[in-house]
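Chemist: Quick one: this structure, given as C-alpha cells, is what I'll be asking you about.
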Amino acid sequence: LIDKILDNLHAALGYNLLNKWHLPDPYRVIARDHHSKELDPSNLLLMIVRVSNAVCNKMQSKNENMDISGIVSSREADILGMSEIGVAELEIALEDARVNKPLN
C-alpha cells in the first residue's frame, strides 16, 4: 500500500521539493510531468526522461521476457527519433550506470 501511495505521489512531491529549493522551472516540470498522460512534444528533455524511465521500469521488471517494443513504439521514442537499437543502447548505458548492480 505504501509503495502504491509513493508511486502516485512522488511526481507531485518531487515538484514541490524542487519548487521549495527554487530550482529552475524546466526541472520542476520534468519532476511533475514525467508520468503525466499529457505529452508536451516540444519538451525534449522531458521526452528523454520519460523514455529513460520506461527503460528503467523494464529493467526492474521481474518479467525477464519483457521486450522493448512498447518503448520503441511509444510517442516519446518517436518524437526523439529513437529506433530499437537506440532504445537498446540506452538500456545498456543505464545498466552500466546502475549503482546497485547484482553481484554475479
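Residue-by-condition table, conditions (1) modelled with pLDDT under 95; (2) assigned by TED's automatic domain parsing to the domain that holds Asp25; (3) aliphatic (A, V, I, L, M); (4) farther than 27 Å from Tyr27 by Cβ:
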| residue | (1), (2), (3), (4) |
| --- | --- |
| Leu46 | no, no, yes, no |
| Arg50 | no, no, no, no |
| Asn57 | yes, no, no, no |
| Lys62 | yes, no, no, yes |
| Asn65 | yes, no, no, yes |
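Chemist: So which residues in region 37-68 are assigned to a loop (DSSP other than H, G, I, E, B) and either surrounded by 12 or more Cβ atoms within 10 Å (Cβ to Cβ) or of a type in the set (Asp, Glu) (or both), if there are any at all?
Modeler: The answer is Glu38, Leu39, Asp40, Pro41, Asn43, Glu64, Met66, Asp67, Ile68.
Chemist: So for region 24-36 (the condition being assigned to a loop (DSSP other than H, G, I, E, B), without any contact (Cβ under 8 Å) to a residue 40 or more places away in the chain and of a type in the set (A, V, I, L, M, F, W, C)), does at least one residue qualify? Full working, then the answer.
Modeler: Going through region 24-36, the residues assigned to a loop (DSSP other than H, G, I, E, B) turn out to be 24, 34-36.
Checking which are without any contact (Cβ under 8 Å) to a residue 40 or more places away in the chain leaves us with 24, 34-36.
Next cut, of a type in the set (A, V, I, L, M, F, W, C) only: none.
No: zero hits.
The values are calculated or read from the model by the stated rules, or taken from the named source; none is laboratory data. Keep in mind it's a predicted model, so treat the numbers as computed, not measured. No Cβ is skipped: glycine too gets one built from the backbone with ideal geometry, and neighbour counts run over all protein chains shown.
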